[in-house]
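A.B. asks: Have a look at this one.
No value in this document is a laboratory result; all are computed from the given coordinates. Remember, it's a predicted structure, so these values are computed and weren't measured experimentally. Don't worry about glycine lacking a Cβ; one is built from the backbone with ideal geometry, like all the others, and counts go over all protein chains shown.
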Amino acid sequence: MRLFDVYPLFNIEPVKAEGSYLWDKNGIKYLDLYGGHAVISIGHSHPHYVKLLSEQLSKIGFYSNSVKIPLQEELANKLGELSGYNNYQLFLCNSGAEANENAMKLASFHNGRKKIIAFSKSFHGRTSAAVAATDDPAIVAPLNKTDNILILPFNDAAALEEEMKKNDIAAVIIEGIQGVGGVNIPSDEFLRHIKIFCDKYGALMIADEVQSGYGRSGKFFAHQYSGVQPHIITIAKGMGNGFPVAGVLIHPDIQPRHSLLGTTFGGNYLACTAAIAVLDVIKKEDLIQNAWVVGNYMMEQLRKIKAIKAVRGLGLMIGFDLEGPCAEIRKQLLNEHHIFTGASSNKNNIRILPALNLKKEEVDLFINSLNKVLTATLVK
Ligand SMILES: Cc1ncc(COP(=O)(O)O)c(C=O)c1O
C-alpha cells in the first residue's frame, strides 16, 4: 500500500529529539523553531513527560468513557488552576478540528441557532463545520460548503454588529492569534466587542486557542490580554506536547446532558497523562514567563534586521514578513543552517513557534543564521 500523498515533505528523517533540537538519521542536529506546527510546548522528550507516560503505559493505556478515569479530573483541576478558568467545564477530545467542531455544535445546541461567524484568514481545522469556518476555499469540499457560516472582515466591529443584529447567530469563532493566516493579532477592542455583541444578541463567543494557547503567547491564553472571557475555549496542539489530545473549555452556564457530545478516544489515560505532564512542567519551569521574555527578545532582534518589513507576535508565537516570498530563505535556513521554521498562508511570512523553554542563546543562533541567509540572498 502507498501513502496518500497529501503532504509536501522535507528530505529529512528525524530519529531523535531533545529540548529544542532534533537529530536526523545521519546525525545532523537541527534547531526546532517550529515545534511541529506549535505542538512541542515543553520541549522534545522532556524527562518528566517521558517518565509519566512510560509509567502510565505499563499500568493501563486505554479504556472507554464508560468508566471512571480520575486522571481526567486531575487534568481538569490543573488546567483550571493554570489557565484561570477554574469554574469552566472540560470536554476532552483528540484534535484541534474536533475541539472546534464540538464547540460550534455545542453553541448551536445551546441556543438552537445554526449560523456561525468566522473571520478572514481564519483557520479552524478540516472537519465539516471547522473547515467551513476556515477562510480557504481550496480545502472546503462541496459537501462542507454551507450558508450557515459567514466569513466577515477581521478586526471590523461595525461589520460584525451589522450581521449580529439579525439575532440568528449561534456563535462567533476567532483564533486567539491567527496562526495559519500569518500571525495576525485581533485587537483587544475587537475581542471585547465580540463578547459584548454575543451577550447582547444571544450568541456564544468561541476562542480558538488551539495554536495560540497553552502559554505560547506569554499568558495562558492569548485572548487573556483583552480581559475578555469567551463562553467556549478550544485547545489542542501544545496540550499534549505531541500526544494527540484536545479539549473544549465550557462556561458554567452551558448545561451538559448525557450523549450531547462524545468520542471514543477522548480523555484516555495516556492523553490525560501527557496533558498533566505538560501542565506540571509549564508550572514548575515557569514556561509562560519564559515564552514572554524570550519571545520579546527574539522580536527585538528581528526588528533590527532591515530586510524584515514587519514583525508580529506575542510571546513565542511570532511571524515576520519579508519583501517577497520566503520559501527560499526557509529552505536555506533548513538545509544550510539546520533550523526548522514555519510558513503560513502569506507567502512573504515566516512563522516561529518553538518550544516554550527556548533559550536566548538559541535565538542568537537563529538571528545569526538568518542574517547570513538574508545577506547572501539579497547580494545574489
Ligand atoms: C487555530 C487552529 N485551529 C484548529 C486547528 C486544527 O487542529 P488539528 O490539526 O489538530 O485538527 C489548527 C491547526 O493548525 C489551528 O492552527
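A.B. asks: State the answer as a single residue: which of ILE194, PHE62, ALA159 lies farthest towards the positive end of the charge dipole of the range 55-284, with beta carbon charges of +1 for Lys and Arg and -1 for Asp and Glu, about the Cα centre.
C.D. replies: Checked the options; the winner is PHE62.
A.B. asks: Now a separate question. Using +1 at the C-beta of Lys and Arg and -1 at the C-beta of Asp and Glu, which of VAL248, ALA271, SER344 has the Cα lying farthest in the positive direction of the dipole of the chain?
C.D. replies: Result: SER344.
A.B. asks: Hey, another quick one. Using alpha-carbon pairs under 8 Å, 6+ residues apart, how would you state the relative contact order of the range 41-160 in percent?
C.D. replies: Across the range 41-160, relative contact order equals 16 percent.
A.B. asks: Which of the peptides 85-97, 153-165, 245-257 is most tightly packed, and how do the rest follow, judged by the mean count of other Cβ atoms within 10 Å per residue?
C.D. replies: Final packing ranking: 85-97, 245-257, 153-165.
A.B. asks: Quick check on the chain: helices-only [θ] at 222 nm, where DSSP H runs of length 4 and up contribute -39,500 (n - 2.57) each and the sum goes over total residues. Nearest 500, please.
C.D. replies: About -11000 deg cm²/dmol.
A.B. asks: Have a look at the chain and give its Rg and Dmax from the Cα atoms, expressed in angstrom.
C.D. replies: That works out to 20.6, 64 Å for Rg and Dmax.
A.B. asks: Report, in debye and to the nearest 20, how large the dipole of the chain comes out about its Cα centre when Lys and Arg carry +1 and Asp and Glu carry -1 on their Cβ.
C.D. replies: The dipole magnitude comes to about 320 debye.
A.B. asks: Something else about it: How big is the Cα convex hull of the range 248-376 in projection, averaged over all directions, in nm²?
C.D. replies: Across all orientations, the range 248-376 yields a mean hull projection of 11.3 nm².
A.B. asks: When a footprinting reagent is the concern and you count Cβ atoms within 10 Å, what order do TRP23, TRP292 take, fewest first?
C.D. replies: Ranked by crowding around the Cβ, least crowded first: TRP23, TRP292.
A.B. asks: What does the charge dipole of the range 1-104 about its Cα centre add up to, to the nearest 20 debye, if the Cβ of each Lys and Arg holds +1 and the Cβ of each Asp and Glu holds -1?
C.D. replies: Using Cβ point charges on Lys, Arg, Asp and Glu, the range 1-104 gives about 260 debye.
A.B. asks: Where does the charge balance sit around PRO354 when Lys and Arg score +1, Asp and Glu -1, over other residues with C-beta under 9 Å from its C-beta?
C.D. replies: Value of the local net charge: -2.
A.B. asks: At what distance in angstrom do the alpha carbon centres of the range 1-62 and the range 306-380 lie from each other?
C.D. replies: 21
A.B. asks: Show me the helices of the chain, taken as full DSSP H stretches, that run 15 Å or more along their long axis by Cα and average 1.0 or above in Kyte-Doolittle hydropathy.
C.D. replies: 269-284
A.B. asks: List nothing, just return the count: lysine pairs in the range 1-108, 8 or more apart or interchain, with Cα separation under 19 Å.
C.D. replies: 7
A.B. asks: Build a GNM of the chain with springs between Cα atoms under 10 Å: which of LYS347, LYS219, LYS59 gets the top mean-square fluctuation?
C.D. replies: Of LYS347, LYS219, LYS59, the Gaussian network model singles out LYS59 as fluctuating most.
A.B. asks: In nanometres, what is the gap between the two model label sites at ASN77 and PHE109, each 7 Å from Cα along Cα-to-Cβ?
C.D. replies: 2.6
A.B. asks: Also, quick follow-up: For the chain, what is the relative contact order in percent, using Cα pairs closer than 8 Å and at least 6 residues apart in sequence?
C.D. replies: Taking the mean separation of contacting Cα pairs over the length of the chain, I get 22 percent.
A.B. asks: A further question on this structure: Working out 0.36 nm times the residue gap between GLU161 and HIS37, then minus their Cα-Cα distance, what length gain in nm do you get to one decimal?
C.D. replies: 41.3 nm
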